[in-house]
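One structure is given here, and the rest of the page talks about it.
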Amino acid sequence: MVPAATAKYDWILALTTIAFVFSAFGNGANDVANSYATSIAARTLNMATAGVLAIITEFIGAVAMGARVTDTIKNGIIGVDRFEGKPGALMLAMGCAEVGSASWLMFSTMVGFPVSTTQTIVGALIGVGFASQSSISWAWEKGSVSQVAASWGIAPLIAAAFSALIFGTLKYAVLERRDSFKWAMRLIPFYLSMTGAILALFIVVEAPTAPSLEEFGAGKAAGIILGVFFGCLLVSYVFFVPYFHRRILKNDPRIRFYHVPLGPLLLREDPPLYFPSTRESAVTNYYEDAYGEVLAGQKDMVKDQTTANADSVLPSPEITPKQYTERPDDDEEKKLDSTSTPAAKPRTKHVEPKERFIDPVRDLSWTDPKRYWGYTKWLFLQGVTRDVVTHDSPRTTRHPRPSASIR
């Protein structure tokens, strides 16, 4: 039942709820995109899978691990003592902060500004503090504006250091080794286990129901983290290594992700596969664009072609064969023999949402439910049906692609 003291302020709650929806949209367009952009770009995950995972992880993270953040936003930025006995004024102040945060978040997302949901809400609360003459926690104390702002600079530096360390180990331990694939297969379990151990550390330290590290004991925390590390290492060697061996090394197109539980059985010559895939290839060519063409490395190819003539002092351009000129007395066999290049393979373009959902129903009557259903799917499935990796648009094609040959 709604308290009588706040019943007359239901309109504030309604407007704030609408602003929450826009903030959630902006959070998905920015913070969630930052979390999954690398996986999408590497094609480890597709948009549909990343969307489902984002819904699950964001919800669980906010509910299970967001207690400290919520407490800081609620009480750490501005003091609420000024609103003592005035619940309507407090609701209005927090509602204005949320509306301001959502408005700036949506505007920045629309024009392409780099923006953070956390930064917008903290800035909005500071503005509310100025407007309501509430006390603002500027001093260096737990949950204050100073510590929150400092974390915006410290956290990226720590992340950069870890990224440099991880990439350095990958570069010298895998990429620049003679047998890089063999070393990658050896180190994948360790990286998976390190990820699991880091997540375990975060849960032990940040879980709202867990005691402080001093009360819990450093020995117990270290035991949990090491146990998770070696447990993930065992699972990786038993299940994931055979899966990668069968799919990548053996290039078995029948293998799918749901065959991971088979574990060591995948090392057999003919493993017992349930629901085998019917794809033509086990590994996707991640360098193809929307038309199925591979343009990566074209600059290097042109460079090699221009320096192929070692006898000349200056680099000579690629010599292309002269096009055959048809003559009236040439017969058909001569024309066929004179062709030096085969016919170009027809290109297949990725079907975008408009072509997939709207074009089939464009000519239908507006009284036909299929047309409304097509437009509905086009509206709500933009993100999960568009090929964001190879998406072609006027903005992305503003700069011309490098030419594949020298004229």
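What the table below lists for this structure:
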quantity: Pair list, Cβ under 7 Å, 6 or more apart: the range 91-113 residue in a helix (DSSP H, G or I), other residue among the aromatic types (F, W, Y); calculated: M91/Y9; A93/F83; E98/F20; A102/F22; M106/F22
quantity: Residue in the range 59-77 that is within 24 Å of G143 (Cα to Cα), part of a loop (DSSP other than H, G, I, E, B) and modelled with pLDDT of 80 or more present; calculated: yes
quantity: Selection within the range 353-367 - surrounded by 12 or more Cβ atoms within 10 Å (Cβ to Cβ) and over 19 Å from A48 (Cα atoms); calculated: I358, D359, P360, V361, L364
quantity: Contacts under 9 angstrom Cβ, first residue in the range 357-371 being closer than 17 Å to L381 by Cβ, partner of a type in the set (S, T, Y) and in a helix (DSSP H, G or I), 6 or more apart; calculated: F357/Y375; F357/T376; F357/T385; I358/Y375; V361/Y372; V361/Y375
quantity: Qualifying residue in the range 269-281 (condition: farther than 21 Å from F181 by Cβ, without any contact (Cβ under 8 Å) to a residue 40 or more places away in the chain, aromatic (F, W, Y) and exposed (fewer than 13 other Cβ atoms within 10 Å of the Cβ)); calculated: yes
quantity: Every residue from the range 53-76 that is within 23 Å of R256 (Cα to Cα) and surrounded by 12 or more Cβ atoms within 10 Å (Cβ to Cβ); calculated: L53, A54
quantity: Sole exception among (1) in contact (Cβ under 8 Å) with a residue 12 or more places away in the chain; (2) more than 26 Å from the chain's Cα centre (by Cα) for I121, by number; calculated: (2)
quantity: Subset of the range 132-148 that is assigned to a helix (DSSP H, G or I) and without any contact (Cβ under 8 Å) to a residue 12 or more places away in the chain - its residue that is nearest to V69 (Cα to Cα); calculated: Q147
quantity: Residue list for the range 66-124, restricted to those being among the charged types (D, E, K, R) and under 17 Å from L13 (Cα atoms); calculated: K74, K86, E98
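For every residue, the table says whether it meets (1) within 24 Å of E206 (Cβ to Cβ); (2) of a type in the set (A, V, I, L, M).
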position: L13; (1), (2): no, yes
position: T38; (1), (2): yes, no
position: A50; (1), (2): yes, yes
position: I56; (1), (2): yes, yes
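The values are calculated or read from the model by the stated rules, or taken from the named source; none is laboratory data. All values reported here derive from a predicted model rather than from experimental measurement. Heads up, the Cβs are rebuilt from the backbone with ideal geometry, glycines too, and the neighbour counts pull from every protein chain shown.
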